[in-house]
1. Does Glu68 satisfy being of a type in the set (D, E, K, R), farther than 30 Å from Ile190 by Cα and not in a strand (DSSP E or B)?
2. Would a scan of segment 66-81 turn up a residue that is modelled with pLDDT under 90 and closer than 30 Å to Phe178 by Cβ?
3. Can you tell me which residue is surrounded by the most Cβ atoms within 10 Å (Cβ to Cβ) among those in segment 72-88 that are under 43 Å from the mean Cα position of the chain (by Cα) and more than 15 Å from Asp31 (Cβ to Cβ)?
4. Need a quick list: strands (runs of 3 or more DSSP E) entirely within segment 89-199 having at least 1 residues that are surrounded by 17 or more Cβ atoms within 10 Å (Cβ to Cβ).
5. What do you reckon, is Ala69 in contact (Cβ under 8 Å) with a residue 24 or more places away in the chain and either surrounded by fewer than 16 Cβ atoms within 10 Å (Cβ to Cβ) or out of contact with any Phe, Trp or Tyr (no Cβ under 8 Å at 6 or more places or on another chain) (or both)?
6. Between a first residue in segment 37-49 that is within 12 Å of Asp112 (Cα to Cα) and a second residue that is of a type in the set (Ser, Thr, Tyr), which pairs have beta carbons less than 9 Å apart while being 6 or more apart in sequence or on different chains?
7. Can you find a residue in segment 224-235 that is closer than 30 Å to Arg117 by Cβ, assigned to a strand (DSSP E or B) and modelled with pLDDT of 80 or more?
Amino acid sequence: MGMVQVTIASTGTVLPKNRLEIKPPVNGRVDKILVKEGQQVKSGEVIAWMSSTERAALLDAARGQGDEALQYWQEAYKAIPLISPIDGEVIVATTQPGQTVTATDAVIVLSDHLIVRAQVDETDIGKIKVGQEAIIVLDAYPDTKIKASVEHIYYESKTVNNVTIYEVDLGPQEVPEFFRSGMNATIDFIQDSRDNALLIPIEALVWEGEKPAVYVKGGVDQAALRRDIKLGISDGKHVEVVSGLTKEDTVVVKNKKLMQQKNKIGTNPFLPARPRR
């Protein structure tokens with residue numbers, strides 16, 4: 001008895017769901033950066049101060065006139081605050097105080113939360129639904145499985161290496177501390193799942209046409225008897241048995257090595273060896 005899952009494998013990348021660049025309203029110079037990468041910020045919080053080009057020139061001139069003049073112009077000509085418009089996390093804060101910036105430069109970059117964007121082949125996209133469960137494994141942390149669910153399926157396709165794919169956004173149930181934007185991941189979308197299923201190895205199956213069967217011990221001298229069964233779902237290694245077997249049955253699995261020896265030597269290994277002449 002055990003759990004079996006039918007999954008659809010894919011690859012993806014950790015990305016911010018909403019990546020927001022904080023740019024200055026005017027050209028000027030950065031005075032202070034009040035946050036650092038990885039820090040959580042609130043909407044309306046001041047995250048940096050800057051001076052316009054004119055204020056920066058006035059302050060530079062006032063420094064040559066002494067502290068009193070500098071303090072006067074600092075109060076008379078206020079610095080410009082850069083304010084966070086969202087609750088989020090700082091993912092880029094590389095600008096340094098004193099650095100000259102323009103209105104097109106991103107001083108700080110914010111993200112509301114990180115997601116994983118998967119690339120799903122067009123042959124599998126019909127099997128993916130919003131809300132469907134999935135398992136994420138980061139290449140950098142292969143021993144950690146992260147539970148997630150499908151948040152959004154994009155309607156427009158893309159062509160990658162001559163393959164048509166659709167992008168799918170997944171939201172982790174809990175975002176680990178080691179999540180970083182740009183990390184590569186493998187994703188298993190759970191298409192179907194069974195708990196406490198009666199499972200047998202794929203190698204135990206024998207087929208007569210389209211009818212599956214297995215050999216079970218229980219005949220005379222515990223000889224193996226053929227028994228028809230009905231199958232459920234399979235993960236490629238094990239298959240669920242819906243009917244025809246019980247957990248008390250002992251299933252005989254074919255020995256591939258033994259069968260190879262039989263074919264090579266041309267004798268039945270279950271018969272007693274012939275005496276040599």
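1. Here the answer is yes, as Glu68 does meet what is asked.
2. No.
3. Quick first cut of segment 72-88, residues under 43 Å from the mean Cα position of the chain (by Cα) only: 79-88.
This time we only want the ones that are more than 15 Å from Asp31 (Cβ to Cβ), so: 84-88.
Values: Ser84: 20, Pro85: 11, Ile86: 14, Asp87: 14, Gly88: 22.
Of everything passing the filter in segment 72-88, Gly88 is surrounded by the most Cβ atoms within 10 Å (Cβ to Cβ).
4. 108-111, 114-121, 133-138, 141-153, 163-172, 184-197
5. Working: in contact (Cβ under 8 Å) with a residue 24 or more places away in the chain: no; either surrounded by fewer than 16 Cβ atoms within 10 Å (Cβ to Cβ) or out of contact with any Phe, Trp or Tyr (no Cβ under 8 Å at 6 or more places or on another chain) (or both): yes.
No; evaluated as a whole, the condition is false for this residue.
6. As it stands, the answer is Val41/Ser84; Lys42/Ser84; Ser43/Ser84, since those pairs meet every condition given.
7. For segment 224-235, residues closer than 30 Å to Arg117 by Cβ, assigned to a strand (DSSP E or B) and modelled with pLDDT of 80 or more: present.
Conditions tested, residue by residue: (1) closer than 30 Å to Asn27 by Cα; (2) in contact with a Ser or Thr (Cβ under 6 Å, 6 or more places away or on another chain); (3) not β-branched (Val, Ile, Thr).
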| site | (1), (2), (3) |
| --- | --- |
| Thr95 | yes, no, no |
| Ile108 | yes, no, no |
| Ser111 | yes, no, yes |
| Val116 | no, no, no |
| Lys145 | no, no, yes |
| Tyr155 | no, no, yes |
| Thr159 | no, no, no |
| Glu167 | no, no, yes |
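The values are calculated or read from the model by the stated rules, or taken from the named source; none is laboratory data. Just so you know, these numbers come straight off a predicted model, no measurement behind them. For neighbour counting, all protein chains shown are included, and Cβ atoms are generated from backbone atoms with ideal geometry for every residue, glycine included.
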